[in-house]
Structures are given as structure tokens and as C-alpha cells.
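Some notes on the structure that comes next.
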Amino acid sequence: MLNGESGRLLDRIIEGGLLFLLGVSTLVFGGVAGWGLAATVLIACGLLLCWAWRTASEGEIRWHRTPLDLPLLAFLLLFLIQMVVGFPWGWNGSGALERMTAMAMEKPDWLPFLSGTLDYHGTREAFVLFCVYAGVFYLVVSSLRSRLQMNRFLTGVSAFTAFVAFYGLLEFLSGNQSIFGYKAYASGRLRGTFVNPDHFAAYLAMAIPMMTALLVGIGARRRRRRHHRGGEASGGEAPQAVSGSS
């Protein structure tokens with residue numbers, strides 16, 4: 001059983017780890033390079049282990065329902081069906097796809113329709129990434145439980161987004177077209193720190209509305225504070241005016 005200080009320390013580790021994970025997956029070519037992808041998976045697994053330890057120490061598992069529960073479950077079942085049906089039963093790992101393609105060309109009616117996958121290993125890698133993404137999603141839902149924590153996390157996400165967008169714009173305008181000096185990942189499109197320019201565009205499409213909502217929320221809270229302080233000031237002056245007239 002963790003005491004209050006140890007629990008708060010784990011919460012801070014998880015919160016900081018989420019921002020670190022975001023930085024690693026964003027700055028190492030969008031997390032699609034081999035070592036960057038491995039680092040992303042390992043960090044996410046470490047954070048999930050910290051969360052599991054924190055939850056087990058509390059003595060209960062709290063499941064926070066979200067609107068994405070059913071879609072994520074449907075994708076999980078789809079992956080499992082594809083890997084079971086599409087598993088290369090009776091085939092050796094090397095040259096299996098080539099032999100199957102050659103047999104299909106010789107006998108077009110030989111292959112039955114199966115709702116599986118022709119690239120079993122690719123599906124398996126995508127399944128690992130799906131589990132990591134889903135785990136991080138539930139980790140954010142379960143760990144960021146206060147407005148202060150959420151504000152800190154969104155501020156960190158906004159800072160990473162601003163840096164990536166500004167860096168990508170500088171690289172594009174300078175004509176350098178590289179990612180931290182690596183020309184192997186260069187192309188003529190604006191990409192920030194992402195290998196795939198489409199991933200960069202999708203990242204901005206998700207982050208910009210979130211940054212806008214964060215700024216709107218901060219402005220609304222400041223207006224409420226000013227209104228509250230003005231109400232207290234006017235409330236404090238009223239009794240003095242009444243006492244002075246009497």
C-alpha cells in the first residue's frame with residue numbers, strides 16, 4: 001500500500017512520462033523509424049507498468065468509461081480475426097507470399113475468400129502499435145484526473161506542436177529540407193520532424209483545435225477571476241457606504 005507521498009510521486013512520474021513519450025514520438029521522425037518506434041513502445045510499456053503498480057497498490061481497479069470503448073474493442077476483435085484467419089498455417093515464413101501468389105496465378109479459382117490478411121507480419125506490427133496507442137489513451141484518461149494536471153499536459157502538447165511547426169517552417173523556407181540534419185528523410189514537402197508529411201498534417205489538424213480550446217479556456221478563467229474580484233471589491237465597499245450615510 002502506497003502512502004500519499006509515494007502515490008503523488010508516481011502520478012508525477014506518469015504525467016512527466018506522458019510528455020516525454022510525446023516528445024520522443026514526435027521528435028524522432030514521428031516515431032516511425034526503427035529505433036524511435038522501439039523507444040516509443042518501451043516508454044509506453046514502462047508508463048503502463050507504473051500505472052498498474054499504482055492501481056494495484058490502491059487495492060482497486062477503476063475503469064473510466066469513454067465513448068471510444070466500443071470502437072477500440074471492435075478494432076481489437078478485427079485484429080485478432082485477421083491474425084487468426086490470415087496466419088500462414090502450413091507455410092514456411094520465407095517465400096510464403098510469393099508461393100501463394102504463384103499458385104493463385106496458375107489457378108485463379110484456387111484461393112477462397114478469407115477475411116484475413118496477406119501480410120501477417122505487418123498486421124502483427126500494426127497490432128502492437130494499436131495496443132500501445134490504446135494503452136496510452138486509457139493511461140491519459142485514468143491518470144490526468146484534475147484540471148491542473150490536464151492543463152499542464154495540454155500546455156506541454158501545445159509547446160511541442162509549436163516547436164515542430166516552427167522548425168518545419170524554418171526548414172522549408174531555408175530550402176534545407178532535412179530533419180535535424182538527416183538528408184535521408186528529406187523531400188520537397190513541409191514535414192516538420194515527421195518522415196511522412198501526411199502524419200505532420202494530421203498532427204497539426206489534431207493539435208491546433210486543442211491549442212485553441214486551451215487558450216479559450218484560459219481566457220474564460222481569467223475573465224471569471226476578474227469578475228469575481230470585482231464582485232468582492234464592490235461587495236466590500238457597500239457596507240462602508242451604508243455605515244457612512246447612517
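A short reminder: the numbers here are calculations on the coordinates, not readings from a lab. Note that the coordinates shown come from a computational prediction; the quantities given were computed from them, not determined experimentally. As a convention, Cβ positions derive from the backbone with ideal geometry for all residues, glycine included, and neighbour counts pool all protein chains shown.
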In sequence order, calculated HN-Hα J values of the stretch 134-145 (Karplus, 6.51, -1.76, 1.60; Hz; x Gly/Pro):
5, x, 5, 4, 5, 5, 5, 4, 7, 9, 8, 9
Tell me, Met211, Met150 in order of fewest to most beta-carbon neighbours within 10 Å?
Met150, Met211
Enumerate the amide H contacts of Ile179 below 5 Å, restricted to partners 5 or more residues apart or on another chain; note that Pro and chain-start residues carry no placed amide H.
Tyr185
The exposure ranking of Val216, Val164, fewest beta-carbon neighbours within 10 Å first, is Val216, Val164
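How would you rank 10-22, 69-81, highest first, on the average number of other Cβ atoms within 10 Å across their residues?
Details: 10-22: 17.7, 69-81: 12.5.
So the peptides 10-22, 69-81, ranked by packing, come out 10-22, 69-81.
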